[in-house]
Amino acid sequence: MDEGFFMKRCFELARAAGSAVLPNPQVGAVLVAGGRIIGEGFHRMYGQAHAEVNAVASVQPEDRPLIREATLYVSLEPCSIYGKTPPCTDLILREGIRRVVISCIDRTPGVDGAGVARLRAAGVEVAAGLLREEGEQLAATRNTFVGMERPYILLKYAVDRQGLAAAAGGRQVWITNPVSRRLVHKWRSETGAILVGSRTAALDDPALTVRYGFNRQPVRITIDRRLRLPRYLQLFDGSAPTLVYTTHTGPAPEYPETTFVRAPAEAPLLDFILEDLYRRKISHLTVEGGPALLSRFLDAGCWDEARVFTGETDLKSGIPGPILPAEASRVLNVGGDILRIYRRETPFS
């Protein structure tokens, strides 16, 4: 059977974890002997066993003698350092696995090729780069986080048929259809945090919570330089952890589940936010703000992926959406809305 089949199974397994592993990467592993999968697993939750460990543990007793003859397929380079769990290279050598096939390198400091080198030095045959492009996309969140010391940044917004992202005067209008809106809630469940600007927070009063059965809540973030946002907003209802970045020097209010983070007035606020999120180990950030906030990220070159809906709505007049400096890599039809996905070329995309 084509080796790509087994690596694609690794990708499928990896994605099953969703955001539960953040800030760790999504990783899947498959053990194959005689063309048959004898074990498989994925990294299920941050701090718990890695994919390779779960794959080996899943092997049935009658198949355990086959492990020493098996090939281990892994979507990401096995780790070679102690973190919350022991190195997976130790497990591979202890089990006597003779051949390992990986898709891409883990850019975590201390790994970054060291896992491959250690296995090869011990006599294990290692093949790297199988379906590398897809593997790098899967690992992009982790590799961006550790390689650039900032979250992976996803921009998400919608425009009408004329390219308008907001109605005139800030009037709230749904641009996308219910199918697209449900999909957005799935995406929210897969991110570490969602950011909107103060204008969007005040005019739209978004809850920024996950509904429709997707139950993991991301951190909610807004910017309120002068602490003018009113207490009654849904962002301050205590239903999910919330960060508010401000340059205000006076005392901050006390709201449930809300942390006010004071930024230096002289420092670029965007840089400060990204550095602070890195310190908080938030590795994936979704920006759902209005055109002004989105344009700030684009102008600063601080984005990795964009998902842009074009709805069937006609706003007649309003504020144009940002223009992305890239061509869409995918174009999909979502219940009549058109979804364009853009990816920025970076060392880790």
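The values are calculated or read from the model by the stated rules, or taken from the named source; none is laboratory data. From a predicted model like this one, the values you see are computed outputs, not experimental measurements. Cβ sites come from the backbone with ideal geometry, for glycine too, and all protein chains shown count toward neighbours. The accessibility values were calculated without ligands, DNA or RNA, using every heavy atom of the protein model including side chains. Shrake-Rupley method; radii C 1.70, N 1.55, O 1.52, S 1.80 Å.
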Hits in the range 232-281 (condition: free of Cβ contacts under 8 Å to residues at least 12 places away in the same chain, in a helix (DSSP H, G or I) and open to solvent by less than 50 Å² (accessible area, probe 1.4 Å)): none
Qualifying residue in the range 145-165 (condition: of a type in the set (S, T, N, Q) and crowded, with 19+ Cβ neighbours inside 10 Å): no
Which listed residue, of V59, V27, V32, is under 20 Å from the mean Cα position of the chain (by Cα), β-branched (V, I, T) and either open to solvent by less than 60 Å² (accessible area, probe 1.4 Å) or under 20 Å from G113 (Cβ atoms) (or both): V27
Of all residues in the range 95-139 being touching a Pro at 6+ places or on another chain (Cβ under 9 Å) and assigned to a helix (DSSP H, G or I), the one that is surrounded by the fewest Cβ atoms within 10 Å (Cβ to Cβ): R118
Any chance T286 is open to solvent by less than 50 Å² (accessible area, probe 1.4 Å) and either closer than 25 Å to G238 by Cα or part of a helix (DSSP H, G or I) (or both): yes
L339 being within 17 Å of D160 (Cβ to Cβ) and assigned to a strand (DSSP E or B): yes
Check on R142, touching an Asp or Glu at 6+ places or on another chain (Cβ under 9 Å), in a loop (DSSP other than H, G, I, E, B) and either open to solvent by less than 10 Å² (accessible area, probe 1.4 Å) or basic (K, R) (or both): no
Residue match in the range 291-307 (condition: more than 15 Å from the chain's Cα centre (by Cα), acidic (D, E) and open to solvent by less than 20 Å² (accessible area, probe 1.4 Å)): no
Pair list, Cβ under 6 Å, 6 or more apart: the range 202-222 residue on the phi > 0 side of the Ramachandran plot and free of Cβ contacts under 8 Å to residues at least 12 places away in the same chain, other residue of a type outside the set (D, E) and surrounded by 17 or more Cβ atoms within 10 Å (Cβ to Cβ): none
Unmet criterion (only one of (1) open to solvent by 30 Å² or more (accessible area, probe 1.4 Å); (2) in contact with a helix residue (DSSP H, G or I) (Cβ under 7 Å, 6 or more places away or on another chain); (3) closer than 22 Å to S283 by Cα) for A16: (2)
